[in-house]
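These notes are about the structure you will find just below.
The values are calculated or read from the model by the stated rules, or taken from the named source; none is laboratory data. Because the structure is a prediction, the values reported are computed rather than measured. For accessibility, only protein heavy atoms count, side chains too; no ligands or nucleic acids. Shrake-Rupley method; radii C 1.70, N 1.55, O 1.52, S 1.80 Å.
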Amino acid sequence: QVQLVESGGGLVQAGGSLRLSCAASRSIFSYNTMGWYRQPPEKQRELVATITTRGRTIYADSVKGRFTISTDNAKNTVYLQMNSLKPEDTAVYYCLAHRNFDYWGQGTQVTVSS
């Protein structure tokens with residue numbers, strides 16, 4: 001069974017930084033794509049960033065230039081470095097792993113105060 005465990009969320013002031021981690025229970029090469037989604041309060045879940053096993057990345061327009069997705073294959077971990085955070089980045093952030101099916105983590109709360 002696939003397990004994804006997120007960590008690194010918290011409360012930060014606008015302009016600050018956080019790094020989210022997603023540790024997978026198996027090699028991330030088991031998946032075609034890994035990524036991060038978020039769900040702001042009372043809104044639908046939305047794409048933040050994804051990365052393929054070949055290192056191809058996709059970012060939401062709202063985070064381009066501020067967020068960076070990366071992987072540590074030896075640790076089976078995907079990271080999301082978030083800089084210049086804004087109050088509108090406040091959301092529950094979910095890790096995704098995809099291979100035939102979508103596997104989700106439990107989510108980690110990120111709150112950005114103004």
| request: Under a 10 Å cutoff between Cα atoms, tell me which one of 53, 68, 77 has the largest fluctuation in the Gaussian network model of the chain. | output: 53
| query | Could you give the length gained on full extension between residue 13 and residue 88, defined as 0.36 nm per residue of separation minus the Cα-Cα distance, in nm? | reply | 25.8 nm
| message | Accessible area of the chain with a 1.4 Å probe: how many percent of it is carbon plus sulfur? | response | 44 percent
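When DSSP assigns beta bridges and you keep just the ones with both residues in the chain, what percent turn out antiparallel, to the nearest 5? Walk me through the numbers before you get to the answer.
Working: 39 of 43 bridges.
Counting DSSP beta bridges with both partners in the chain, the antiparallel share is about 90 percent.
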| Whichever lysines have a C-alpha closer than 20 Å to that of residue 86, once near sequence neighbours (fewer than 8 apart) are set aside | 43, 64
| In percent, what relative contact order does the chain have, based on Cα pairs under 8 Å that are 6 or more apart in sequence? | 37 percent
| Taking only Cα atoms of the chain, radius of gyration then Dmax in Å | 13.2, 40
| Accessible area expressed per residue, the chain, with surrounding protein chains retained (probe 1.4 Å, Å²) | 55 Å²
